[in-house]
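Have a look at the structure below before the remarks.
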Amino acid sequence: MTTTNRYAPPKAELRDHDGVETEMWREGKVLAMRRGGLFPNRCIKCNAPAVAPGRRQKLTWHPPAWYLLILLAVLLYAIVAMIVRKTATIEIGLCERHQKRVLWGRIVGWGGFAAMLRSASAPRPRTRARSARPWRSSCCPGSSPRSCSIAWWCPSASTIATCA
């Protein structure tokens with residue numbers, strides 16, 4: 001009789017693509033890794049085997065003390081942050097299911113952005129110019145309000161008109 005723990009996390013091969021141990025470790029809730037280190041060939045979302053090629057992601061950061069420059073000037077902070085930032089490019093593994101999810105997310109995002117631009121640049125429908133005499137268009141074409149027998153009030157002209 002074999003005893004297997006059904007609740008144990010899946011065991012993954014923790015070797016890089018070259019067969020070298022991964023250069024990552026955990027510091028509390030933070031995943032730390034050496035520059036140039038590689039993630040294991042596993043999906044980062046569900047731990048299933050990753051489909052090649054991995055997704056490249058560029059990370060940038062700077063020491064948090066530079067945020068104090070925002071109190072002086074935002075533009076100064078932006079310039080200094082771009083100068084002192086550190087960068088790393090990592091390759092993240094995703095399984096086929098999560099690669100499709102990322103693809104559909106991009107399609108929906110860019111499609112929504114294109115639809116927004118299209119609706120913002122669409123020509124606006126022209127509105128009819130208001131008549132100087134509003135009773136002519138709706139009541140008695142070609143007649144004056146004095147020749148009408150039904151009284152009505154036009155709020156735009158602030159007058160009372162009557163129709164026959």
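Only the coordinates and a few stated rules stand behind these numbers; no lab work does. Just so we're clear, the structure is a prediction, and the values are computed from it rather than from any experiment. Glycine gets a Cβ as well: all are built from the backbone with ideal geometry, and neighbour counts include every protein chain shown.
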task = With the condition kept exactly as written, say whether any residue in the range 38-55 is basic (Lys, Arg) and under 22 Å from the mean Cα position of the chain (by Cα).
result = yes
query = Would you call residue 69 surrounded by 14 or more Cβ atoms within 10 Å (Cβ to Cβ), farther than 22 Å from residue 93 by Cβ and aliphatic (A, V, I, L, M)?
reply = yes
